[in-house]
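Nothing in this text is a laboratory measurement; each read-out follows from the coordinates by a stated rule. If you're wondering where the values come from, they're calculated on a predicted model, not measured in any experiment. Note that each Cβ is placed from the backbone with ideal geometry, even for glycine, and that neighbours are counted across all protein chains shown.
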Amino acid sequence: MIAYRAIRIVQLGIKSLLLHKMRSALTMLGIIFGVCSVIAMLAIGEGASYEAQETIKKLGSNNIIIRSIKPPEDTSSGSSGGRRSYVSEHGITYKDAGRIQGTIPGVGSVLPMRIIRENVIFDQNNIPVQVIGTHPNYPEMTGAAIMRGRFLSSTDEGRQANVCVITVSLAERLFPYQDPIEEEVRLGADYYQVVGLLQEQGTEKQRAQSGNMEGQPLDSNIYIPLSTARSRFGEVVINRSAGSFNAEKVELHQLTVQFHNPESVEAAVPQIESLFQRFHKRKDYEFIVPLQLLRQAEQTKRIFNIVLGSIAAISLIVGGIGIMNIMLATVTERTREIGVRRALGAKKKDIITQFLVETVVLSFGGGLIGVMAGVIIPLLVSHFTDMKAIITWWSVILAFSISGLIGVVFGIYPASSAANLDPIDALRHE
Amino acid sequence: MTGKPIISIKGLEKLYILGEVEVRALRGVSVDIEEGSYVAIMGPSGSGKSTMLNVLGCLDRPTAGQYFLGDENVATMGDDELSDIRGRRLGFIFQSYNLIHQLTVVENIYVPLFYQGKDLKDYERHCERLANLVGLGERLDHRPKQLSGGQQQRVAIARSLVNDPLMILADEPTGNLDSKTGTEVLNLMDKLNEAGKTIVLVTHGPEVAERAHRVLHMKDGVIDREVINRKFEPRKQANSDWLSAIEESLGLKTP
């Protein structure tokens, strides 16, 4: 009985709306755009922050990464003409690595890295690379995979052996026709035997997006034992670029400190900071704490969502005002009908229901179409561009229920003004 | 049930306040209308005729006085109760037909029942019978715009009958019609009255009023004089199956 009545009222509402198809369609358009933009914007925002978070997660949420940087007061010294033999001495030292390992609680392992720019030569091929002097635990700590052969061993480290591991992409360019394993490549003045091939984690995709200007892939790396790097290349790194010359003495370029669990990471951050403040007079280091970055990214995402959400919500409200406007006009136009219905026994609440249902049908209908458009648009965006879009179920529910709510909120005023018309005046209305 | 007053009005007053001016539209009207009778109300504009119609139609409450419709005291009713009694006890026929555009003939006839919470599927046959009665049996699914004025007014008559009202209130039912269609509509109303329906008609036209048993002439908010056209003879007993009776008198077969 009640269900039948409800169906009848909705049918009646649809009939009345179909009487003015164009007007109803235009009115719905506001809600369609509103709902569609809520879902699409949130999906695209969600996708963007997902990608950022994935990148950070790759750094490892149990890690703290410390990098050597040129302290601020040194940055201009390289180009100032008169000081020919100036060598900038800064950065993380071997002692820092030892201190962290020895004094900070919860530290699992420490991975030091020396990064030197050099050209690797094999046969006719001469390719600029990053030479990374590091410890045997590099693959475990960074998630890099050994594709062939082996990684550097602690024996290599102890013997300062002239062995190296190269990345797969470098091997493809350096050894187009040979098997690289056991070949000897020249780095600077010495020869190194290739003992393994390695694939860095997640670099394939990054390379595709951001191959750098010189056309050198980001993962053209050669890994050699840290002890070998120290003895063969010394501590002073000389950069010659575009005719200028600067030298810097850096012991370690990067130190990855791995902790047993994320809780220790947070406790350790201030401790490592104070340790560095004590032994470094200048700020020649920086910390990267993926865990904190992750939190910041989440925070940013939240703000992003709020901003996007409120822009979209405003368009929904504008749509709602459009509906209210049309319904007010409709009430005026249908005053006579209201009077007739009242004369034939309709109570005020029947009139309210009738007009409210019409508004809600408009806004729900708009909401439904908007949801469809809002689901399709992000799919198209992620299909035709590199942008990732993730449609969250809650944004769909949110947008849809807001559209319904708007129908009710913006429908109440026109409906009650219809119901409060005096039946006698309404009947006489021309 | 025979000849007893279906409407009993005593000392009815209606006071409007328009800005600073008080308008006494009704100044103590008393009248009884018997069941099954046909009463016309006439009077110049400003005579209180429209106000009388509004009060009789339970669209407006009197300022003072008594109005019994059947055994219900309308004068003390609230808004929802008035809506309810209009839907249950009254049938309206307006000058400008006042059908609802978006509904079909059958749906228009059904409207008063809808507001009493009755399902169309239970009353669809009843509505179709009424449409047939007024000669629109072939146009059940037409919309008002597809009908002529006379046809629309006949739909309105069918609608006024759907709830089996105590009284049909007709406000200038032929005002928008040419004389031929107007006569057809009035003939139909005569048939309804013959079948036992109580009709109260408001009109300017003396030839329309002639069809009624009694004509009440209003002036300055009171019933100035009353003319008896023909004697009203109450039925011996109430006609419970008035619909079949009219169908028979019109020579219609029950569809």
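Between the amide H of B:ILE6 and those of B:ILE33, B:GLU34, B:GLU35, distances stay under 5 Å, these residues lying 5 or more places away or on another chain, with hydrogens modeled in the peptide plane. Here the residues A:SER403, A:SER153, ranked from fewest to most Cβ neighbours within 10 Å of their Cβ, fall in the order A:SER153, A:SER403.
Phi-derived couplings, Karplus 6.51 cos²θ - 1.76 cosθ + 1.60 at θ = phi - 60°, listed residue by residue for region A:155-163: 5, 4, 4, x, 8, 6, 5, 8, 10 Hz, with x used for Gly and Pro. Straight-line reach from A:LYS58: taking Cα to Cα under 24 Å and skipping same-chain neighbours fewer than 8 places apart, the lysines in range are A:LYS205, A:LYS301, A:LYS388. The tail of the calculated P(r) for the protein assembly as shown beyond 31 Å holds 69 percent of all Cα-Cα pairs.
Residue-wise HN-Hα couplings along region A:175-188, as the Karplus relation 6.51 cos²θ - 1.76 cosθ + 1.60 with θ = phi - 60° gives them from phi, are 10, x, 10, 10, 7, x, 4, 6, 6, 10, 10, 9, 10, x Hz; Gly and Pro carry x. A simple charge model with +1 on the Cβ of Lys and Arg, -1 on the Cβ of Asp and Glu and nothing else charged puts the dipole of the protein assembly as shown at about 600 debye relative to its Cα centre.
Of B:SER240, B:SER160, B:SER50, the residue with the greatest mean-square motion in the GNM of chain B, using alpha carbon springs below 10 Å, is B:SER240. Rounded to the nearest 10 degrees, the angle from helix B:105-114 to the longest Cα principal axis of chain B is 50 degrees.
Judged by the ratio a/c of the largest to the smallest principal axis of the C-alpha gyration tensor, region B:132-255 counts as oblate, that ratio being 1.5 or greater while a/b is no larger than b/c.
Checking the cross-link filter: which lysines have an alpha carbon closer than 17 Å to that of B:LYS4, excluding same-chain neighbours under 8 positions apart? Answer for B:LYS4, where 17 Å is the Cα cut-off: B:LYS197, B:LYS231, B:LYS236, listed by chain and number. Other residues whose C-beta falls under 11 angstrom from the C-beta of B:GLY135 contribute a net charge of 0, scoring Lys and Arg +1 and Asp and Glu -1. Of all beta bridges that DSSP places with both ends in the protein assembly as shown, some 70 percent have antiparallel geometry. For chain A, the mean residue ellipticity at 222 nm estimated from helices alone is -19000 deg cm²/dmol, where every DSSP H run of n ≥ 4 contributes -39500 (n - 2.57) and the total is divided by all residues, rounded to the nearest 500. Taking every Cα-Cα distance in chain B and sorting them into 5 Å bins starting at zero, the pair-distance distribution P(r) comes out as 1, 6, 13, 17, 19, 18, 13, 8, 4, 1, 0, 0 percent.
The listed peptides B:53-59, B:94-100, A:175-181, ordered by packing as a protection proxy, come out as B:53-59, B:94-100, A:175-181 (highest mean of other Cβ atoms within 10 Å first).
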